[in-house]
Amino acid sequence: MAVTIKSKREIELMRESCRLLAEVHAKLGEAIKPGISTLEIDVLGERLIRSCGCVPNFLHYNGYPASICVSVNDEVVHGIPSKDRILKEGDIVSLDAGLIYKGYHSDAARTYAVGKVSEEAAKLIQVTRQSFFEGIKYATEGCYLHDISYTIDSYCSSFGYGVVRDLVGHGIGTKLHEEPQIPNFRQWRRGIRLKAGMTLAIEPMINMGGWQVKWLDDDWTVVTRDGSLSAHYENTVLVTDGEPEILTLLPGME
Ligand code: MF3
Ligand code: CO
């Protein structure tokens, strides 16, 4: 299927889906403290999503068993929540969440420090987030998709970080994953030309060490191969003919 251009009505529905998700993320962020289990985060996230009349889109997606992906330290993405995994001071934790509102999907991820973390860990979180903002400078009509990829890659690589290659961002709309795929690393073709009305989930996954990852035997959890820390930052973005609209950020929030 080709890349979809959303109509005005669809954009309104995407906006609302994403705004609700931003609120869920804000509340999840407040819950991150030493002593909470990753399952408690998932239970809270599912409750928040359902309490606004929405449906968690990750739950049962290709068999994924939870609503929120909770990935700790060297876990890159798709960590499975567990009552036995307790966050402790100094950990970093990535929360990836999504929901469906009136048939329209939203998707966003944040990485948090648990209590006080090392300076290096805090920097990884900050650079990963900033790489998204560097990349979306090119999320505008007339730019090429891989301008975004190249910008994220060169920004993160300049800090010596590894840019994950096995997983990519994606278009989003009436399905969680639509075309196009959005790599976070340099491509040798420029990719499609961006048009106003495209909605894209842009999601750098950045390792403190090498870019290489592997899957654990649960067939979901992706971890860094060298055991280094990893961070993830994602928003659903609307391409316009000017500045992109970051749909999963609340005004005045990060
Ligand atoms: N943000 C992730 C993605 O774009 C979340 C999906 S994971 C799954 O693929 F749990 F839904 F499978
Ligand atoms: Co995504």
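The values are calculated or read from the model by the stated rules, or taken from the named source; none is laboratory data. Here the structure is a predicted model, which means the values were calculated and not measured. With ideal geometry, Cβ positions are generated from the backbone for all residues, glycine too; neighbour counts draw on all protein chains shown. With ligands, DNA and RNA removed, areas are computed over all heavy atoms of the protein, side chains included. Shrake-Rupley method; radii C 1.70, N 1.55, O 1.52, S 1.80 Å.
Some observations on this one:
- A simple spin-label model places pseudo-atoms 7 Å from Cα toward Cβ; at GLU89 and ASP219 they are separated by 4.1 nm.
- Overall form of region 103-155 per C-alpha gyration tensor (a/c, 1.5; a/b vs b/c): oblate
- The phi torsions of region 228-245, fed into the Karplus equation with coefficients 6.51, -1.76 and 1.60 and a -60° offset, translate into couplings of 6, 5, 9, 10, 9, 9, 9, 9, 8, 10, 9, 7, 10, 8, x, 4, x, 9 Hz, rounded to whole numbers, with Gly and Pro shown as x.
- Across region 55-146, the convex hull enclosing all Cα atoms gives 137 Å³ per residue.
- Taking only Cα atoms of region 122-205, radius of gyration then Dmax in Å: 12.3, 37
- Per residue, in Å², the accessible surface of the chain once ligands and nucleic acids are set aside, probe 1.4 Å: 44
- Taking all Cα-Cα distances within region 183-231, those exceeding 17 Å account for 54%.
- Average projection area in nm² (convex hull over Cα atoms of region 108-254, one quarter of hull surface): 9.5
- Dipole orientation for the chain: of the candidates GLY90, LEU44, CYS18, CYS18 has the Cα lying most toward the positive pole (charges on Cβ; Lys, Arg +1; Asp, Glu -1).
- Highest mean first, the peptides 21-31, 122-132 sorted by other C-beta atoms within 10 Å per residue fall in the order 122-132, 21-31.
- The HN-Hα couplings worked out from phi for region 14-20 by the Karplus form 6.51 cos²θ - 1.76 cosθ + 1.60 (θ = phi - 60°) are 4, 4, 5, 4, 6, 5, 4 Hz, whole numbers, x standing for Gly and Pro.
- In this structure the amide hydrogen of VAL76, modeled in the peptide plane, comes within under 5 Å of the amide hydrogens of VAL222, VAL223, THR224, none closer than 5 places in sequence on its chain.
- Rg over Rh for region 1-116 works out to 1.01, both radii taken from alpha-carbon positions and Rh defined as the Kirkwood radius.
- Applying the Karplus relation 6.51 cos²θ - 1.76 cosθ + 1.60 with θ = phi - 60° to region 212-219 yields 3J(HN,Hα) values of 5, 10, 9, 9, 6, 6, 6, 6 Hz, where x marks Gly and Pro.
- Part-to-part distance (alpha-carbon centres) for region 112-182 and region 187-217, which is given in Å: 7
- Cα-based convex hull, region 1-50, per residue volume (Å³, whole number): 109
- Accessible surface of the chain [probe 1.4 Å, protein heavy atoms]: carbon and sulfur percent: 52
- Stretchable slack from ALA113 to THR174, in nm (0.36 nm times residue separation minus alpha-carbon distance): 18.7 nm
- Ranked by the mean number of other Cβ atoms within 10 Å per residue, highest first, peptides 208-220, 49-61 order as 49-61, 208-220.
- Region 118-254: antiparallel DSSP beta bridges as a percent of all, rounded to 5: 95
- Among GLN212, THR240, GLY252 - extreme Cα towards positive end, dipole of region 204-254, charges at beta-carbon: GLN212
- Cross-link pairs beyond the 19 Å C-alpha cut-off, checked among LYS33/LYS116; LYS27/LYS137; LYS33/LYS83: LYS27/LYS137
- Placing +1 on each Lys and Arg Cβ and -1 on each Asp and Glu Cβ, with no other charges, gives region 1-126 a dipole about its Cα centre of roughly 500 debye.
- CD proxy at 222 nm, helix term only [per DSSP H run n ≥ 4: -39500 (n - 2.57); per residue of the chain; nearest 500]: -9000 deg cm²/dmol
- Unit charges on C-beta of K, R, D, E only; dipole of the chain, Debye: 440
- Projected-area mean, region 66-115, by convex hull of Cα positions, square nanometres: 3.8
- The tail of the calculated P(r) for the chain beyond 29 Å holds 23 percent of all Cα-Cα pairs.
- Max mean-square fluctuation residue, GNM over the chain, Cα-Cα springs under 10 Å, options ILE80, ILE206, ILE192: ILE192
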